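A short reminder: the numbers here are calculations on the coordinates, not readings from a lab. Predicted model only: the values in this text are computed from it and were never measured. For neighbour counting, all protein chains shown are included, and Cβ atoms are generated from backbone atoms with ideal geometry for every residue, glycine included.
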């Protein structure tokens, strides 16, 4: 999301789903919020994108 070469300024805890960008202060607690942050989407759009990425057909597409 930014030009930062410092190790450890962005972390994801794969056990809890919590993530944080310590250089910008952005944080979240699940995969959908991480996708929203990384792809610059709303939570709803990110949920649909994650579903598509892992092969789950969304209710909208049924």
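Side notes on the structure shown:
- Equivalent ellipsoid semi-axes, the chain, via Cα gyration tensor eigenvalues times 5, rooted, Å: 25, 12, 9
- Take every Cα pair under 8 Å whose residues are at least 6 apart in sequence, average their separation, divide by the length of the chain, and the relative contact order is 17 percent.
- The protection proxy used here, the mean number of other Cβ atoms lying within 10 Å of each residue, ranks peptides 8-20, 41-53 as follows, highest first: 41-53, 8-20.
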